[in-house]
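The values are calculated or read from the model by the stated rules, or taken from the named source; none is laboratory data. Bear in mind the structure is a predicted one, so any value in this text is a computation, not a measurement. Because the Cβ atoms are built from the backbone with ideal geometry, glycine has one as well, and the counts that use them run over all protein chains shown. Areas reflect the complete protein model, heavy atoms only, side chains present, ligands, DNA and RNA absent. Shrake-Rupley method; radii C 1.70, N 1.55, O 1.52, S 1.80 Å.
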Amino acid sequence: MKQRITVLGSTGSVGSNTLDVIARHPDRFEVFALSANTQVDLMLQQCAQFRPQFAVMAQPQAARLLAQKIEANGLEVRVLSGPDAIEKIASDAPVDTVMAAIVGAAGLAACMAAARAGKRLLLANKEALVVGGELFMQAVREGCATLLPIDSEHSAIFQSLPEDPACWDERVDKIILTASGGPFRTREPATLRNVTPEQACAHPNWVMGRKISVDSATMMNKALEVIEARYLFGLQPERLEVVIHPQSVIHSMVQYRDSSVVAQLGTPDMRVPIAYGLAWPQRVASGAQPLDFSTLADMSFESLDSRGHRERFPGLQLAWDSLRGAPGTTAVLNAANEVAVEAFLARRIRFDQIHGVNLATLAAVAPSKPHSLDDLLALDAQSRAAALQAVARLD
């Protein structure tokens, strides 16, 4: 029987790559539903190719336009709009697997719905864990959902760990996440004030959306990944480490108690972890080029304490700081960073002021432990308001 898949965020980079892998295996996978924000024409193309039962646009105006084009093209696809519709296609009974690729906290509610419904949840939306934390993991456990990480780093860790999670704490010494260092790995920290959005989005190894590209340039993306790893794999923050690996060939590593290290290698192509998540525990062709070791450049590694990296990337330390803070602190950090990055991309603040907005928001918001999705959303809204105030002071 084919695996029926909902792709949340189908017009983004991860969503498009997911559909590319699905198209390579029509005997194994079929698309049940797609969702997107505003890209009507691309969604129309995807509907024509994959013939889902549902297409959901986050914006009502975009949904109306899509519905008109769907009808004009004679496609039998039901068009819906809004967050309730996104939750519906994430939790609907016929769905086997949900690819969660909506960027930011906006994807949290749908991820929670899929988890509660016991779906096989392929998590490319790291904010579900950064914002949801233990509350999200509780929903996964109570719904008996299968949670598979899609971030290349967390997929690499998952592939490098023992199959039985019960022995992770006993056998594993630490998890080592690799980071490319982004486009400014060798840039003098004092010059970062002059960085433009275009420069920040020009990642040397990966083709990604604008928000995640900026996060990679500040290494806030790695901070969020450290938080994600804490909840995914259950190790304490002091057993999570980051090392800079500019070539992005080793995607992450696990160091065991006997000091041996298991690493996962591959070309920097998101179709590799996507194919792994779709087919797990089996493996299928991803479409990515295999590594050619005869032409592979030398692999190098840099500690965060070398070459001025801690001064260049001050936001990375906020991962460990927020994990040691009150419950909900990681949600505050995520909201602050989303607001700060949006302000930078809109040229309202400088690149080097993103960190300052994050610090100001963390200082302004004192979270209480969230007990529900509504609590998380309220904390997110409060944090965004504080971050907007911090941005306004810099305007």
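Please report how far the C-alpha centroid of the stretch 88-109 lies from that of the stretch 164-215, rounded to the nearest whole angstrom.
Using only Cα atoms to place each centre, the spacing works out to 25 Å.
Take the alpha carbon atoms of the stretch 223-281, find their center, do the same for the stretch 1-75, and report the distance between the two centers in whole angstrom.
Result: 30 Å between the Cα centres.
Taking every alpha carbon pair in the stretch 335-395, what does the distance histogram look like in 5 angstrom bins from 0, in percent?
4, 23, 30, 20, 13, 7, 4, 0
Output the peptides 367-376, 56-65 sorted from most to least packed, where packing is the average of other Cβ atoms within 10 Å over each peptide's residues.
Result, highest mean Cβ count within 10 Å first: 56-65, 367-376.
Sort the following peptides by mean Cβ neighbour count (other Cβ atoms within 10 Å, averaged over residues), highest first: 122-130, 297-305.
Per-residue mean Cβ counts within 10 Å order the peptides as 122-130, 297-305.
Take the Cβ-Cβ distance between Q236 and Q282 as r, set R0 to 25 Å, and report the resulting FRET efficiency rounded to the nearest 0.05.
0.15
Using DSSP to call loops (not H, G, I, E or B), can you name the GluC sites (Glu not before Pro) in the stretch 15-121 whose Cβ has at most 11 other Cβ atoms within 10 angstrom?
Answer in residue order: E76.
Give me P(r) over the stretch 58-143, computed from all C-alpha to C-alpha distances, binned every 10 Å, as integer percentages.
18, 43, 27, 10, 1
I'd like to know which of Y276, F136, V31 lies farthest towards the positive end of the charge dipole of the chain, counting +1 on Cβ of Lys and Arg and -1 on Cβ of Asp and Glu.
Positive-most Cα among the choices belongs to V31.
Taking a threshold of 26 Å on the Cα-Cα distance, which of the pairs K88/K126; K222/K369; K126/K369; K88/K369; K126/K174 fall above it?
Pairs exceeding the cut-off: K88/K369.
Among DSSP bridges having both ends in the chain, what percentage is antiparallel? Round to the nearest 5.
So the antiparallel bridges in the chain amount to around 25 percent.
Per residue, how much accessible area does the stretch 27-92 show when a 1.4 Å probe rolls over the protein heavy atoms, in square angstrom?
Result: 52 Å² of accessible area for each residue.
Could you give the nm distance between label points at L377 and Q317, where each point is 7 Å from its Cα heading toward the beta carbon?
Spacing of the two 7 Å Cα→Cβ label points: 3.6 nm.
Output needed for the stretch 236-340: three equivalent-ellipsoid semi-axes, defined as square roots of 5 times the C-alpha gyration tensor eigenvalues, in descending order, whole Å.
Taking √(5λ) for each Cα gyration eigenvalue gives 29, 20, 16 Å.
Rounded to the nearest angstrom and ordered from largest down, what semi-axes does the equivalent ellipsoid of the stretch 142-186 get from its C-alpha gyration tensor (root of 5λ)?
That gives 26, 16, 8 Å for the three semi-axes.
Taking the simple approach of a point 7 Å from Cα along Cα-to-Cβ for both Q61 and E170, what is their distance in nm?
5.9 nm
For Rg and Dmax of the Cα atoms in Å, the listed values are [x] 20.4, 64; [y] 21.6, 64; [z] 22.5, 64; which was obtained by calculation from the structure presented?
[x]
Place a point 7 Å from Cα of D96 in the direction of its Cβ. Which residues in the stretch 266-280 have their backbone N less than 16 Å from it?
Answer for this model: 275-280.
Could you estimate the translational diffusion coefficient of the stretch 55-102 from the Stokes-Einstein equation, with Rh from the Kirkwood formula over C-alpha pairs, at 20 °C and 1.002 mPa s, in whole µm²/s?
Translational diffusion coefficient: 185 µm²/s.
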